[in-house]
1. Label-point separation (nm) for LEU20 and PHE50, each offset 7 Å from Cα along Cα-to-Cβ?
2. If r is the Cβ-Cβ distance from SER2 to ILE37 and R0 is 35 Å, what FRET efficiency results, to the nearest 0.05?
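Any read-out appearing in this document is the output of simple, stated calculations on the displayed coordinates, not a laboratory observation. If you're wondering where the values come from, they're calculated on a predicted model, not measured in any experiment. In this analysis, Cβ positions are derived from the backbone assuming ideal geometry, glycine residues included, and neighbour counts consider all displayed protein chains.
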Amino acid sequence: MSKVFQSMRIAFRALRVNKLRSILTMLGIIIGVGAVIAMVSIGSGAAADFCDSRFARATNPDAAAFEQLARSLHRWPSPLH
């Protein structure tokens with residue numbers, strides 16, 4: 001157990017000594033995660049908007065069935081999750 005506390009003490013000391021480096025690293029991680037979330041949200045919204053606008057005026061049964069299929073496929077979870 002003392003090795004864990006010693007390792008934590010060394011890690012916190014390194015963070016305290018390298019303040020700018022630590023802040024820039026955290027900022028980079030925050031910006032990167034935010035950018036990924038924004039891009040996934042924009043892509044998902046664009047796909048949903050495309051499906052809504054493309055098949056909103058579907059009058060024949062085949063187009064309506066395709067619309068239902070497209071909507072159900074759009075709600076599947078991503079394979080990356």
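1. A separation of 4.5 nm, rounded to one decimal place.
2. Efficiency, from the Cβ-Cβ distance: 0.30.
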